[in-house]
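The values are calculated or read from the model by the stated rules, or taken from the named source; none is laboratory data. Not measured: the values here are computed from a predicted model. Note that each Cβ is placed from the backbone with ideal geometry, even for glycine, and that neighbours are counted across all protein chains shown. Each accessible area value is taken on the protein alone, full model and side chains, heavy atoms only, with ligands, DNA and RNA left out. Shrake-Rupley method; radii C 1.70, N 1.55, O 1.52, S 1.80 Å.
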Amino acid sequence: MSIVRVYVRTFQNEEHADLFLLFCQKIKKECFSNDIKINLTVLQNETNKSQVTSIWKYEDQKHLKTVRTYLAKHVKMPNSLSPKEIVYSGEVIIDPSD
């Protein structure tokens with residue numbers, strides 16, 4: 001059963017949010033070039049540009065662990081960004097592909 005994790009991050013300012021968006025683009029490229037399969041969607045709030053939502057979809061717990069382990073080892077985000085973060089996570093019950 002697939003797993004979805006939604007992160008809502010509110011940064012100190014729009015510039016920090018933009019930097020985070022660059023990190024997300026870099027992550028996607030690095031994972032692709034290292035054969036790490038990821039399903040990542042990133043949104044920036046239209047009215048509050050300092051808020052970014054990222055939606056990660058994993059095939060199962062093993063896939064989640066593989067991706068998270070890879071990111072922890074290879075992707076370093078500056079501590080200065082330190083956004084407020086809310087995380088929602090759960091197993092998918094109904095999926096559009098079903």
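List of remarks:
- Unique match (being under 17 Å from PHE20 (Cα atoms), at pLDDT below 95 and open to solvent by 70 Å² or more (accessible area, probe 1.4 Å)) among LYS84, LYS73: LYS84
- Among the residues of the range 48-98, those that are of a type in the set (A, V, I, L, M, F, W, C) and either touching a residue at least 40 places away in the same chain (Cβ under 8 Å) or closer than 17 Å to GLU14 by Cβ (or both) comprise VAL52, ILE55, TRP56, LEU64, LEU71, VAL75, MET77, LEU81, ILE86, VAL87, VAL92.
- Only one entry of LYS37, LYS49 meets the criterion of being in a loop (DSSP other than H, G, I, E, B), touching a Cys at 6+ places or on another chain (Cβ under 8 Å) and open to solvent by 60 Å² or more (accessible area, probe 1.4 Å), and that entry is LYS37.
- Of the residues making up the range 47-98, those that are of a type in the set (Val, Ile, Thr), under 13 Å from the mean Cα position of the chain (by Cα) and under 19 Å from SER33 (Cα atoms) are VAL67, VAL75.
- Count of residues meeting criterion [more than 16 Å from THR41 (Cα to Cα) and either in contact with a Gly (Cβ under 8 Å, 6 or more places away or on another chain) or among the hydroxyl-bearing types (Ser, Thr, Tyr) (or both)] in the range 51-96: 5
- Conditions (1) at pLDDT 95 or above; (2) more than 16 Å from ASN13 (Cβ to Cβ); (3) in contact with a helix residue (DSSP H, G or I) (Cβ under 6 Å, 6 or more places away or on another chain); number of the one not met by LEU43: (3)
- Every residue from the range 52-65 that is part of a loop (DSSP other than H, G, I, E, B) and surrounded by 14 or more Cβ atoms within 10 Å (Cβ to Cβ): GLU59
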